[in-house]
Amino acid sequence: MSYKAILVNVEAGVGCVQFNRPEALNALSRQLMTELVAALREFTADSEVRCILITGNDKAFAAGADIKEMMEAGAVDMYLGGFSALWDAVYEVKKPLIAAVSGYAFGGGCELAMICDIIVASETAQFGQPEINIGGIPGAGGTQRLTRAVGKSLAMDMVLSGRRITAQEALATGLVSRVVPVEALLAEAMKLAKEIAVKSPVALQLAKEAILESFESPLSAGVRVERTLSHLTFATDDQKEGMRAFSEKRKPFFKGK
Ligand code: CO8
């Protein structure tokens, strides 16, 4: 499939999507989100792709949903229009998703990064939910995921005042997992993605599922889900290969079965 609002490529088991609307600071238009979801579905179907990297450019990961596109929309247009389903579709991706964020990650941009499993930020990254400045509130999970990531007080501060936080603040609060110099962002995020891509794909998906369960369930139920998924790895060839390789002092080769 050919894309206009994103650039797509696959390298060493990593499917990469780069937003390509620099003139609008990568505002997440309906077309961009539709293309993103299509690319993610292609990566899902491609067994060569074991980890997915989503990025923008140095200036902007994404400055939000496209305000100009939404400004005349009514509530019913938003409710029935299917835009929210595109965000849900990103959350439904079972392969690991890494967001490599430089520059602005605002509104829907911050929300999209938070849907990803890991956020790697450059020193210039800024995160914010500035919808309050335009008379709105987050609508793609921001009030929920930001609160879970950084806690109530900072989430309230950001959502109610429109305050932006820096990459270092995002690191200190656990919103991102690493901060690297801007010129190293893609290389570092790719290095992490490639490290993940050589693991057992089935174990990766089970681990992701178990961690995401922690946001949905009380502790005891989450631990039960984890136990079931952990036991399930014992049914895979990859787990046998991993344990054998350890005892034979060699590197494992995982086939995804
Ligand atoms: N939508 C559309 N266009 C945008 C957006 C956006 N979110 N952000 C920037 N642009 C455009 C600007 O209009 C401008 O275009 P033009 O040159 O044609 O005027 C171009 O990008 C460059 O922007 P600026 O000149 O403003 O660049 P600055 O460096 O001066 O400022 C900022 C950068 C601070 C990021 C500024 O552009 C800004 O405040 N942008 C809007 C940020 C924002 O409010 N984001 C939240 C949007 S709402 C949202 O995301 C809700 C998601 C909920 C989805 C619900 C359905 C699931």
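The values are calculated or read from the model by the stated rules, or taken from the named source; none is laboratory data. Being a predicted model, the structure only gives us computed values, none of them experimental. Cβ sites come from the backbone with ideal geometry, for glycine too, and all protein chains shown count toward neighbours. Side chains are part of the model used for accessible areas, which takes the heavy atoms of the whole protein and leaves out ligands, DNA and RNA. Shrake-Rupley method; radii C 1.70, N 1.55, O 1.52, S 1.80 Å.
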Notebook entry, point to check: Can you list the strands (runs of 3 or more DSSP E) found entirely within segment 89-145 that contain at least 1 residues being more than 12 Å from the ligand (Cβ to nearest atom)?
Noted result: 97-101, 118-122
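Please verify whether segment 184-203 includes one or more residues that are in a helix (DSSP H, G or I), closer than 19 Å to GLU131 by Cα and charged (D, E, K, R). Write out each step before concluding.
Of segment 184-203, the ones in a helix (DSSP H, G or I) are 184-197, 201-203.
Filter again for closer than 19 Å to GLU131 by Cα, leaving none.
No, every residue in segment 184-203 fails to be in a helix (DSSP H, G or I), closer than 19 Å to GLU131 by Cα and charged (D, E, K, R).
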Notebook entry, point to check: In the list GLN144, GLN129, which residue meets the criterion of being open to solvent by less than 10 Å² (accessible area, probe 1.4 Å) and not small (Gly, Ala, Ser)?
Noted result: GLN129
Margin query: Just to be sure I understand, how many residues within segment 9-25 are under 16 Å from the mean Cα position of the chain (by Cα) and not aromatic (Phe, Trp, Tyr)?
Written below: 5
Next item on the list: For ARG227, indicate whether it is outside any helix (DSSP H, G or I) and out of contact with any Ser or Thr (no Cβ under 9 Å at 6 or more places or on another chain).
Entry: no
